[in-house]
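Participant: Below is the structure I would like to discuss, written out as structure tokens.
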Amino acid sequence: MKWTTDKLRATWLEFFKAKNHHVLPTASLVPNDDPSLLWINSGVANLKPYFEGKKTPPSLRLVNSQKAIRTNDIENVGYTSRHHTFFEMLGNFSIGDYFKEEAIIWAWEFLTDKQWLNFSKEKLYITVFEDDQETYDIWLKQIKVKKDHIILGTRKTNFWDMGQGPCGPNTEIYYDRGPKYDKKKIGLKLLIDDIENDRYIEIWNIVFSQFNNDGFNNYTDLPRKNIDTGAGLERIISILQDVPTNFDTDLFQAIIKKCQTLTKYRYDINNYFKNDEQQSKINTAFKIISDHIRCLTFAISDGVFPSAKTRGYILRRLIRRAEIYGQKLDINKPFLYFLVPTVVKQMGSYYPELKAKQDLIVTVVQNEEIKFWQTLVSGKELLLKVIKEEQTVSAANAFKLFDTYGFPIELTQELAQENQVSIDLAGFEKLLAQQKENARSAQGDVKALTQQNPLLVNLPLKSSFVGYKKEKIDDGEIIFIFKDNQQFQSLENTTGYVILDRTPFYAEKGGQAADAGEINGPDGYGTVLDVQSVNNLNIHYLDVSGKLTKGDVVSAVINQEKRFYTRKNHSGTHLLHAALRSVLGTHVMQSGSFNNEDYLRLDFSHFQNLSEAEMLKIEAQVATWINSATPCEVLHLTHEQALKIGALAFFGEKYESIVRVIKFGDFSIELCGGTHCGNTKEVEDLLVTNIESKGSGSYRIQALTSFKTINSFLDEKMNEIKLQVAEIKTKYSAQAKIKQDKKIEKHLLALAVLETTKEAWRIAKKNLAVLQNDFRKWQKDVQVKLEQEEEAKYLKLKPELTKNSTYLLTHEFKDFNLNSLKNLTDHYRNRYDNIVIIFLNHLSATNETLIVLAISKQLADNNYHAKEMLLTILKWFQGKGGGTNLLSQGKIEGIVRAKDIVKVLEEQ
């Protein structure tokens, strides 16, 4: 039986439908109400509401073939056998229904039964989490898989855990494609050691979601256990069709063959084994083009268009990358749009929406290609000229290409790599960041709008904030639009300001950063860059794509992830302030604050620096309150009532007659208009990262909340420390034979074994400071010893007795230590009462001559003057320098000889 991709997909759905699974249609690639995802990136991604109990599933047994996009490793696409931007994931799911036994039995049946895929059992290998005895027994005793075909995996390879929330072990099924895909003949060790390879291909993964992680790695059984199965459509069909890579399946070959009609080059499916270098480059170009056009076709079909923002930028990048690889095939014109109908024909039977939108997709791709070609030709010519002339790509040139010519930095990197020259990517990033900062400063941004703005004073409009309860609305109305202090009826493909009659977007105030997100209208959408409140009007600063018009009914949705973490930091600010007052005294008063999704900052008054013990006590107090899971109470009281219950008000804020009070138990009561967690437990954790003095009696403290943010920070800081320690270790090891230091070795050993925890980070910071201090002292000692060893070679130079009964010592050195030269002059001045010393040091790096001229004290007393003698020499050789009567030094361009120096002095 000849397998096609369509047949495999249909067979999958048919099999699980027979097992009483409800067939789910494939969902859009654009996530619905999930700000944590840029794209739907797995079969289960859009089923999260069912697993979390937020929505009722149509059945407790579900099956699908879900289209997905992953873009975190675009650079690998085309260079490996199985990396793709767009792919399909076959999935079957149980929501509190069947569990391990059924999931495993059905997986084996589908793969091995003659009625279905009929894979040889001898070719299949199983991985199981080492502590999951139940799964191991099912494979061994019920399925009768041979013991040597079952491999025990670790938490790293066979346990699915995202921190707080549902988690559990997983079991995987691998297909052995045989020794011809194992050139080094490593065998099963490839699978046992989890080595990337083309022989053992993972085709099936069952996650047993059976535990709940409380966030502290304490695991309890879930009352309702779930199954999440993922099987790669592209991988399985490559095995069924017996081809070397996914790109050799029917999914890609039709596109590649169409592309071949545009070029003299040909794709060679057998090159996988021949590995001809030139043919590999040709194959890679075809692979990248076929992958990217599939992704573009499906994404545009789901309503994403190329742009400079988020998902749109991904599409723009894919088009530009595919165009570059088209050039490698001598396709020097827009061509991707020509391939769209082939993708539609290949995929349209299961995805009929592609047929309906084919003309739109072609137009969008073609227009973007034309725009890119206008910048590509001039940009590429300039880049190749730079590479040829300078043999490197500087930050300035990379940025010029990006900023002036619209030439993507990714393509600059690829062409630089192809021509084997370096690129200053770090410098480019700095220039790009500076440009963004300048743009923010120059935009006359929304923060510059004042209460006295003539356009906004007495504006007869009402703009209510509904964001405490809603993070998205679908019936907002645009009631006012302006730009450059002028009212407009619409904004089209530009930036400007919009006021809605009601909004879920929090305007920056009370120390809380504004929300971000999107406002979507019938003819366009605006990316919300900032929101400010002026005269009780919530003003949104937007970057508009398409057109937004006054009177449009729009949907407004905030970036929920940004709000999610901002809430944690805002509640964390309240807890931190309360802890400061609890530990240090009630005289402490907040004088300013700021919190966004990344961190919190709090300014406060206090009469002395905080000790480390006080800081730890403050953190511990906050931790106690967090673990208490104290609910957040929101009260609306008169200002007088609020003050009576102990509410704190800060830094000159103006309050209405009815104020909003945020209350966590009896330990934190503050007037506040911001958004907060439902209870203290949701803050998760708090880590103080910095304390600094702002002047007499004023301090600024910065902190992080949430496990994710804190863990990321600790990972980064501990890696920085490890890098510094590694650098010190390398330098110490290189010269330890000169001088050994037990203290340094002890610190190096201690810093090598620290875990990534808050306590370990604090210890590591202290130990690193001590190590660095000890290392600096050791380096000085080593330097002194090296200098002494070097100087010892020149302690027996013979000065010349001149005709006026003084001694003259001259010597030429090369790249010698200056301090050692001065030490040598002291040595000879101590030995001879009447000596003139002239040392010349030839510096090879700069092609200069350093001159040190010294005289003994007795000669100085007899009207000899070292500085005057040096200036005479420097004047003759046009050098620069100076010094004292006893010792002077200078520098001369070029290499000067001692005999020439002496001759100049003799002629004076």
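Quick grid of which residues meet (1) in a strand (DSSP E or B); (2) basic (Lys, Arg); (3) modelled with pLDDT under 95; (4) surrounded by 13 or more Cβ atoms within 10 Å (Cβ to Cβ):
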site: Lys654; (1), (2), (3), (4): no, yes, yes, no
site: Val659; (1), (2), (3), (4): yes, no, yes, yes
site: Gly674; (1), (2), (3), (4): no, no, yes, yes
site: Ile691; (1), (2), (3), (4): yes, no, yes, yes
site: Leu704; (1), (2), (3), (4): yes, no, no, yes
site: Phe713; (1), (2), (3), (4): no, no, yes, yes
site: Glu716; (1), (2), (3), (4): no, no, yes, no
site: Asn719; (1), (2), (3), (4): no, no, yes, no
site: Gln724; (1), (2), (3), (4): no, no, yes, yes
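Participant: A follow-up question, please. Mind listing whichever residues of segment 461-477 are surrounded by fewer than 19 Cβ atoms within 10 Å (Cβ to Cβ), in contact with a strand residue (DSSP E or B) (Cβ under 6 Å, 6 or more places away or on another chain) and not in a strand (DSSP E or B)?
Facilitator: Once the filter is applied, which keeps residues that are surrounded by fewer than 19 Cβ atoms within 10 Å (Cβ to Cβ), in contact with a strand residue (DSSP E or B) (Cβ under 6 Å, 6 or more places away or on another chain) and not in a strand (DSSP E or B), segment 461-477 yields Leu461, Val466.
Participant: With among the β-branched types (Val, Ile, Thr) and touching a residue at least 60 places away in the same chain (Cβ under 8 Å) as the only criterion, which of Val344, Val365, Val377 stands out? Walk me through how you get there before you give the answer.
Facilitator: Working: Val344 fails: touching a residue at least 60 places away in the same chain (Cβ under 8 Å); Val377 fails: touching a residue at least 60 places away in the same chain (Cβ under 8 Å).
One residue alone meets the criteria, Val365.
Participant: Across segment 589-617, which residue is surrounded by the fewest Cβ atoms within 10 Å (Cβ to Cβ) among those that are among the polar types (S, T, N, Q) and in a strand (DSSP E or B)?
Facilitator: Ser605
Participant: Which one of these is of a type in the set (Gly, Ala, Ser) and out of contact with any helix residue (DSSP H, G or I) (no Cβ under 7 Å at 6 or more places or on another chain): Gly312, Gly326, Gly348? Before the answer, list the steps.
Facilitator: Details: Gly326 fails: out of contact with any helix residue (DSSP H, G or I) (no Cβ under 7 Å at 6 or more places or on another chain); Gly348 fails: out of contact with any helix residue (DSSP H, G or I) (no Cβ under 7 Å at 6 or more places or on another chain).
After applying the criteria, what remains is Gly312.
Participant: Conditions first: (1) small (Gly, Ala, Ser); (2) assigned by TED's automatic domain parsing to the domain that holds Phe16; (3) without any contact (Cβ under 8 Å) to a residue 60 or more places away in the chain. Ala231 passes all but one, so which condition is the exception?
Facilitator: Going through the list (1) small (Gly, Ala, Ser); (2) assigned by TED's automatic domain parsing to the domain that holds Phe16; (3) without any contact (Cβ under 8 Å) to a residue 60 or more places away in the chain, Ala231 breaks only (3).
Participant: I'd like to check which strands (runs of 3 or more DSSP E) are fully inside segment 839-908 and have at least 1 residues that are surrounded by 20 or more Cβ atoms within 10 Å (Cβ to Cβ) and under 56 Å from the mean Cα position of the chain (by Cα). Walk me through it before giving the result.
Facilitator: Numbers: elements: 848-855, 880-883, 887-893.
Hits in segment 839-908: 848-855, 887-893.
Quick grid of which residues meet (1) among the β-branched types (Val, Ile, Thr); (2) within 25 Å of Arg155 (Cβ to Cβ); (3) at pLDDT 95 or above; (4) touching a Pro at 6+ places or on another chain (Cβ under 8 Å):
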{"residue": "Lys55", "(1), (2), (3), (4)": "no, no, no, yes"}
{"residue": "Arg82", "(1), (2), (3), (4)": "no, yes, no, no"}
{"residue": "Ser94", "(1), (2), (3), (4)": "no, yes, no, no"}
{"residue": "Glu101", "(1), (2), (3), (4)": "no, yes, yes, no"}
{"residue": "Thr112", "(1), (2), (3), (4)": "yes, no, yes, no"}
{"residue": "Gln115", "(1), (2), (3), (4)": "no, no, no, no"}
{"residue": "Phe119", "(1), (2), (3), (4)": "no, no, yes, no"}
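Condition check ((1) aliphatic (A, V, I, L, M); (2) over 30 Å from Arg316 (Cβ atoms); (3) surrounded by fewer than 22 Cβ atoms within 10 Å (Cβ to Cβ)) across all residues:
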{"site": "Lys48", "(1), (2), (3)": "no, no, yes"}
{"site": "Thr71", "(1), (2), (3)": "no, no, yes"}
{"site": "Ile74", "(1), (2), (3)": "yes, no, yes"}
{"site": "His83", "(1), (2), (3)": "no, no, yes"}
{"site": "Glu101", "(1), (2), (3)": "no, yes, yes"}
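Participant: Is there a residue being over 30 Å from Val544 (Cβ atoms) and either outside any helix (DSSP H, G or I) or among the acidic types (Asp, Glu) (or both) anywhere in segment 294-302?
Facilitator: Within segment 294-302, none of the residues are over 30 Å from Val544 (Cβ atoms) and either outside any helix (DSSP H, G or I) or among the acidic types (Asp, Glu) (or both).
Participant: Considering only residues that are of a type in the set (S, T, N, Q) and surrounded by 17 or more Cβ atoms within 10 Å (Cβ to Cβ), which ones fall in segment 485-519?
Facilitator: Ser490, Thr503, Gln512
Participant: Something else now. Scan segment 795-814 for residues that are in a loop (DSSP other than H, G, I, E, B), at pLDDT 90 or above and surrounded by fewer than 17 Cβ atoms within 10 Å (Cβ to Cβ) and report the count. Walk me through how you get there before you give the answer.
Facilitator: Keep residues of segment 795-814 that are in a loop (DSSP other than H, G, I, E, B), which gives 795-799, 802-806.
The next check asks that each one be at pLDDT 90 or above; those that pass are 795-799, 806.
If we keep only those that are surrounded by fewer than 17 Cβ atoms within 10 Å (Cβ to Cβ) as well, we get 795-798.
Qualifying residue count for the region: 4.
Participant: Consider Ala750 against the criteria (1) under 30 Å from Glu597 (Cβ atoms); (2) assigned to a helix (DSSP H, G or I): it satisfies all of them except one. Which criterion is unmet?
Facilitator: (1)
Participant: Restricting attention to segment 478-491, and to residues there that are part of a loop (DSSP other than H, G, I, E, B) and of a type outside the set (Phe, Trp, Tyr), which single residue is nearest to the chain's Cα centre (by Cα)?
Facilitator: Filtering segment 478-491 for residues that are part of a loop (DSSP other than H, G, I, E, B) and of a type outside the set (Phe, Trp, Tyr), the one nearest to the chain's Cα centre (by Cα) comes out as Asp484.
Participant: In segment 191-200, what count of residues is obtained for those that are among the hydrophobic types (A, V, I, L, M, F, W, C) and either within 27 Å of the chain's Cα centre (by Cα) or at pLDDT 95 or above (or both)?
Facilitator: Residues in segment 191-200 being among the hydrophobic types (A, V, I, L, M, F, W, C) and either within 27 Å of the chain's Cα centre (by Cα) or at pLDDT 95 or above (or both): 1 in total.
Participant: Here are some residues: Ile288, Ile331, Ile314, Ile324. Which one is closer than 23 Å to His83 by Cβ and either surrounded by 23 or more Cβ atoms within 10 Å (Cβ to Cβ) or assigned by TED's automatic domain parsing to the domain that holds Asp73 (or both)?
Facilitator: Step by step, each of Ile288, Ile331, Ile314, Ile324 is checked, and only Ile288 is closer than 23 Å to His83 by Cβ and either surrounded by 23 or more Cβ atoms within 10 Å (Cβ to Cβ) or assigned by TED's automatic domain parsing to the domain that holds Asp73 (or both).
Participant: Would it be correct to say that Gly230 is part of a loop (DSSP other than H, G, I, E, B), modelled with pLDDT of 90 or more and not charged (D, E, K, R)?
Facilitator: Working: part of a loop (DSSP other than H, G, I, E, B): no; modelled with pLDDT of 90 or more: yes; not charged (D, E, K, R): yes.
No: the conditions fail for Gly230.
Participant: Does Asn20 count as among the polar types (S, T, N, Q), at positive phi and in contact with a Lys or Arg (Cβ under 6 Å, 6 or more places away or on another chain)?
Facilitator: yes
Participant: For segment 492-504, state whether one or more residues are modelled with pLDDT of 90 or more, part of a strand (DSSP E or B), within 30 Å of the chain's Cα centre (by Cα) and of a type in the set (Phe, Trp, Tyr).
Facilitator: For segment 492-504, residues modelled with pLDDT of 90 or more, part of a strand (DSSP E or B), within 30 Å of the chain's Cα centre (by Cα) and of a type in the set (Phe, Trp, Tyr): absent.
Participant: Restricting to segment 311-341, name every residue that is in a loop (DSSP other than H, G, I, E, B), touching an Asp or Glu at 6+ places or on another chain (Cβ under 8 Å) and not aromatic (Phe, Trp, Tyr).
Facilitator: Pro334
Participant: Go through Ile256, Ile237 for me and flag whichever is part of a helix (DSSP H, G or I) and in the same structural domain as Asn283 (by TED's automatic domain parsing).
Facilitator: Ile256
Participant: While we're here: Right, Lys225: out of contact with any Asp or Glu (no Cβ under 6 Å at 6 or more places or on another chain) and either free of Cβ contacts under 8 Å to residues at least 12 places away in the same chain or closer than 20 Å to Ala103 by Cβ (or both) or not?
Facilitator: Yes.
Participant: Next up: Restricting to segment 522-532, name every residue that is under 19 Å from Asn32 (Cβ atoms) and touching a residue at least 40 places away in the same chain (Cβ under 8 Å).
Facilitator: Thr527
Participant: Could you check segment 242-252 and list, in sequence order, the residues that are touching a helix residue (DSSP H, G or I) at 6+ places or on another chain (Cβ under 8 Å) and either assigned to a helix (DSSP H, G or I) or free of Cβ contacts under 8 Å to residues at least 60 places away in the same chain (or both)?
Facilitator: Of all residues in segment 242-252, those touching a helix residue (DSSP H, G or I) at 6+ places or on another chain (Cβ under 8 Å) come to 244-252.
Correct list: Asn246, Phe247, Asp248, Asp250, Leu251, Phe252.
Participant: Of all the residues that make up segment 98-118, how many are assigned to a loop (DSSP other than H, G, I, E, B) and touching a residue at least 60 places away in the same chain (Cβ under 8 Å)?
Facilitator: The qualifying residues number 4.
The values are calculated or read from the model by the stated rules, or taken from the named source; none is laboratory data. As the structure is a computational prediction, the values presented were derived from the model and not from experiment. Cβ sites come from the backbone with ideal geometry, for glycine too, and all protein chains shown count toward neighbours.
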